[in-house]
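Participant: Before anything else, here's the structure in question.
The values are calculated or read from the model by the stated rules, or taken from the named source; none is laboratory data. Computed from a predicted model, the values in this text were never measured in an experiment. Cβ atoms come from the backbone with ideal geometry, glycine included; neighbour counts cover every protein chain shown. Ligands, DNA and RNA are excluded from the accessible area calculation, which covers all protein heavy atoms including side chains. Shrake-Rupley method; radii C 1.70, N 1.55, O 1.52, S 1.80 Å.
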Amino acid sequence: MNALRNTFHFSVDDVFDALLEVTDNQIPLFDHPFFRFLNAIHREFQTKIGCHLFYQKNINGSLRTLKEVSSLKDQLGSDNPWLFFAPHALEYETLPYAQSVEEQILTVDKIYREIDRIAGGHAYTQFLRLHYYSESYEMADYFRGRGVTALFTTHRDVGSHRMPDRVARRLLEDGYANYQGMDFIRTQFKVEYSPNENWTFGEVMKQIENAYDKYGFITFYTHECDLMSDKGRDMTRLMFDAVRKLNLKNIERP
């Protein structure tokens, strides 16, 4: 995948609460702390950002779903074309790889329908990460039909959880691989791992440079809940500072 050379990709997993709170509190999207931070990152680093969505969640004893989120088309669209959305899973407890292909398709179809209503079909991500790094290669044709170029795999040293060893090795050695008609890209950094080690910018830069020297591109992500803390936001900024120093371009769709 030569297109990955000299690029980076950043995304956020487990997104749900923030969208619901925007509706419940009847506030503009970018007045919410989560989306306000993403907007600030976009403006400072000129980046595009993918948000991977749950369909539902039990909150205070009530099952809430994306169907309750108000349309945000008037705040997204041509005014904010940098913010993208994609399916992540039905809910935190339901792992896509544990579902049948038919169940997975039903789930992602439901999420895509709500993305269409909330943001519009132009807001689909080109690269997405399914919950628990589910490697749903059986859905290659389906995802290509949704404009998905590749799925992200685990950042762990196993390389792959479900694909053959040769694919896992290539992911570890090259950072990408193709299997059963689907392209896969290795996730390199889970941002919230870093605050636990109190990394400085110099330490972050060293890790980023090492990964770039090996793979020629950088992929990193975090979770919605981690961007609700100062520590998570600060570490995300450090990662972006390091990526900017390498002068990498964002690879999400134009």
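Participant: Residues in segment 1-45 that are open to solvent by 10 Å² or more (accessible area, probe 1.4 Å), within 16 Å of Thr219 (Cα to Cα) and either in a loop (DSSP other than H, G, I, E, B) or β-branched (Val, Ile, Thr) (or both): how many?
Facilitator: Number satisfying all stated conditions: 3.
Participant: Filter segment 184-196 down to residues that are in a helix (DSSP H, G or I) and either open to solvent by 20 Å² or more (accessible area, probe 1.4 Å) or aromatic (Phe, Trp, Tyr) (or both) and give me whichever is modelled with the highest pLDDT.
Facilitator: Glu192
Participant: Across segment 110-167, what is the total count of residues that are closer than 24 Å to Val69 by Cα and in a strand (DSSP E or B)?
Facilitator: So the count comes out to 3.
Participant: I want to confirm something. Restricting to segment 72-90 and keeping residues that are open to solvent by 60 Å² or more (accessible area, probe 1.4 Å) and in contact with a helix residue (DSSP H, G or I) (Cβ under 8 Å, 6 or more places away or on another chain), which single residue is modelled with the lowest pLDDT?
Facilitator: Pro81
Participant: Moving on. Here is a list of conditions, (1) surrounded by 19 or more Cβ atoms within 10 Å (Cβ to Cβ); (2) under 26 Å from Arg237 (Cβ atoms), and Val69 meets all of them except one; can you say which number that is?
Facilitator: Evaluating Val69 over (1) surrounded by 19 or more Cβ atoms within 10 Å (Cβ to Cβ); (2) under 26 Å from Arg237 (Cβ atoms) leaves (2) as the failure.
Participant: Still on this structure, I have one more. Residue check: is Leu95 buried (at least 18 other Cβ atoms within 10 Å of the Cβ) and of a type in the set (A, V, I, L, M)?
Facilitator: It is false that Leu95 is buried (at least 18 other Cβ atoms within 10 Å of the Cβ) and of a type in the set (A, V, I, L, M).
Participant: Can you pull out every residue in segment 235-254 that is acidic (Asp, Glu) and at pLDDT 95 or above?
Facilitator: The one that is acidic (Asp, Glu) and at pLDDT 95 or above: Asp241.
Participant: Please indicate, with yes or no, whether at least one residue in segment 217-234 is under 17 Å from Thr7 (Cα atoms), modelled with pLDDT of 95 or more and part of a helix (DSSP H, G or I).
Facilitator: No; the residues of segment 217-234 include none that is under 17 Å from Thr7 (Cα atoms), modelled with pLDDT of 95 or more and part of a helix (DSSP H, G or I).
Participant: Can you tell which of Glu114, Glu102 is over 22 Å from Pro164 (Cα atoms) and surrounded by fewer than 17 Cβ atoms within 10 Å (Cβ to Cβ)?
Facilitator: Checking each option against the conditions leaves just Glu102.
Participant: Mind checking which pairs have a first residue in segment 79-95 that is of a type in the set (D, E, K, R) and a second that is at pLDDT 95 or above and not in a loop (DSSP other than H, G, I, E, B), Cβ under 8 Å, 6 or more apart or different chains?
Facilitator: From segment 79-95, the pairs are Glu91/Phe54; Glu91/Gln56; Glu91/Lys57; Glu91/Asn58.
Participant: Being open to solvent by 70 Å² or more (accessible area, probe 1.4 Å) and hydrophobic (A, V, I, L, M, F, W, C) is the filter; apply it to segment 197-254 and report the residue that is farthest from the chain's Cα centre (by Cα).
Facilitator: Phe201
Participant: Can Asp165 be described as open to solvent by 10 Å² or more (accessible area, probe 1.4 Å) and over 18 Å from the mean Cα position of the chain (by Cα)?
Facilitator: Against the criterion (open to solvent by 10 Å² or more (accessible area, probe 1.4 Å) and over 18 Å from the mean Cα position of the chain (by Cα)), Asp165 qualifies.
Participant: Would you tally the residues in segment 124-162 being charged (D, E, K, R), touching a residue at least 40 places away in the same chain (Cβ under 8 Å) and open to solvent by 30 Å² or more (accessible area, probe 1.4 Å)?
Facilitator: Count: 3.
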